[in-house]
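The values are calculated or read from the model by the stated rules, or taken from the named source; none is laboratory data. None of these values were measured; they are calculated from a predicted model. Note: ideal-geometry Cβ built from the backbone for every residue, glycine included; neighbour counts use all protein chains shown. These accessible areas exclude ligands, DNA and RNA; they are computed on the full protein's heavy atoms, side chains included. Shrake-Rupley method; radii C 1.70, N 1.55, O 1.52, S 1.80 Å.
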Amino acid sequence: MGSTITEKILAAHCGKKVVEAGEFIEPKVDIVLSNDVTAPLAIKEFRKSGVKKVFDKNKIALVMDHFTPNKDILSAEHVKFVREFAKEQKIKHYYEGGNVGVEHALLPEKGIVVPGDVVIGADSHTCTYGALGAFSTGVGSTDVAAAMATGKVWFKVPQSIKFVLKGKLNKWVSGKDIILYIIGLIGVDGALYQSMEFTGEICKKLTMADRFTIANMAIEAGGKNGIFTPDEITEKYIAKRAQRKYKFYAGDKDAKYAKTFEIDCSKIYPQVSMPFLPSNAKAAKDVKKTYIDQVVIGSCTNGRIEDLRVAAAIIKKGKKVNPNVRTLIIPATPDVYSQALAEGLMKTFMDAGAIISAPTCGPCLGGHMGILASGEKCVATTNRNFVGRMGHVKSEVILASPAVAAASAIKGYIATPDEI
């Protein structure tokens, strides 16, 4: 019996020829990630261990992205605590202030994560890096503390589910629509502690931005990780960025899968996930007229330059956002911000009446830069729409692609790009 791509990567990092689903392993890690919310606890636990030095100062990334710039005294204290640790340990990959970006967009962009890696992060959306053909998964802060000390992590090898994406993409359908459709199909626990492997003819045509979006939301189906087999598109993206040598892995034809889903993408239209679960997905065109108060275009899911280009094209066509809708544009990294400025996208957004933010997670987790009041509704390109996710427990978040979010900002209600 052959091995999946996930099993091959994990086996290589355990020094084994083969690992099997259900087996407990202790692989070496290539990158250990934490942020301003989760790093303080990890550092405190690291201190308790008695270990004086991290296992490798070049393999730890600390990204102060959730409440940046510091929104209050507590967040400032958290960042100060992490900054002092980073200086003490001479951590190479420490990001704060003008060089900070949303961690899961920043690390691939900087070439810190590369294909074939094993990456853990004290953030559930660490699964994003599977788009590169890496095994990446979210863990708790105590696991990060142990990994910072030992360079290893302990967990069970997940079973794999194969998603074969076939057919033809309809107009305006993006990676966000594909993953919302899949989560709607299998549910928020449909891939619980399993590896979601994406393959098929459609995958070969998806941009890296779309792949990052799909892998990012594997956790919303309960997945341990999401992963793509790297190809020419991956090579083109990573070759000019990689800070280390990398390796492309591919699963065997006779690999064992717990389940296989064949997804006919020609049946997918621009999606929205209505409150209060990502699995509450449906075609945007089938949603009754729902007026909104806010739109957020950004996050680790959809804050890349490709996302901003789509949103800007639609907003430029509509000229002005609805005066009743606060429209927030949040580029995921400084490089994305700079490129959007150079391309004139920011002028388009500002001329339309949108608000531009510095790179931050901000409103996605109800942090800052767009908190919702009671009764308010927001269409967001973020990844979660749980009760109270973006503010008041009586507010609502509707997940959507940048295209649907931009169209909704113009119309003032949930709308499709074809309505503009």
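Couple of notes before you dig in:
Let's see how each residue does on (1) under 17 Å from the mean Cα position of the chain (by Cα); (2) closer than 21 Å to V82 by Cα:
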| site | (1), (2) |
| --- | --- |
| V114 | yes, no |
| A122 | yes, yes |
| A131 | yes, no |
| V144 | no, yes |
| F155 | no, no |
| P158 | no, no |
| L165 | no, no |
| D177 | yes, no |
| E201 | no, no |
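- All of (1) over 18 Å from R384 (Cα atoms); (2) surrounded by 24 or more Cβ atoms within 10 Å (Cβ to Cβ) hold for K110 with one exception: (2).
- Given (1) assigned to a loop (DSSP other than H, G, I, E, B); (2) within 22 Å of E419 (Cβ to Cβ), number of the condition I315 does not satisfy: (1)
- Filtering the range 1-34 to residues that are assigned to a loop (DSSP other than H, G, I, E, B), hydrophobic (A, V, I, L, M, F, W, C) and under 26 Å from the mean Cα position of the chain (by Cα) leaves A21, V29.
Okay, residues lined up against (1) modelled with pLDDT under 95; (2) acidic (D, E); (3) surrounded by fewer than 15 Cβ atoms within 10 Å (Cβ to Cβ):
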{"site": "D36", "(1), (2), (3)": "no, yes, no"}
{"site": "K44", "(1), (2), (3)": "no, no, yes"}
{"site": "F55", "(1), (2), (3)": "no, no, no"}
{"site": "H78", "(1), (2), (3)": "no, no, no"}
{"site": "V82", "(1), (2), (3)": "no, no, no"}
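- Where helices (runs of 4 or more DSSP H) fall entirely within the range 100-203, those with at least 2 residues that are under 27 Å from I398 (Cβ atoms) and not β-branched (V, I, T) are at 103-109, 175-186.
- Exactly one residue among G187, G133 is on the phi > 0 side of the Ramachandran plot, open to solvent by less than 20 Å² (accessible area, probe 1.4 Å) and in contact with a Gly (Cβ under 7 Å, 6 or more places away or on another chain), and that residue is G133.
- Pairs linking a residue in the range 10-23 that is without any contact (Cβ under 8 Å) to a residue 60 or more places away in the chain to a residue that is of a type in the set (D, E, K, R) and assigned to a loop (DSSP other than H, G, I, E, B), with Cβ atoms under 8 Å and 6 or more positions apart or on different chains, are A11/K17; C14/E26.
- For first residues located in the range 304-332 and in contact (Cβ under 8 Å) with a residue 24 or more places away in the chain and open to solvent by 20 Å² or more (accessible area, probe 1.4 Å), partners that are among the polar types (S, T, N, Q) and assigned to a loop (DSSP other than H, G, I, E, B) and lie 6+ apart or on another chain with Cβ distances below 7 Å form the pairs E306/T207.
- Single residue of the range 242-284 satisfying the filter (under 30 Å from K411 (Cα atoms) and out of contact with any strand residue (DSSP E or B) (no Cβ under 9 Å at 6 or more places or on another chain)) that is most open to solvent (accessible area, probe 1.4 Å): K267
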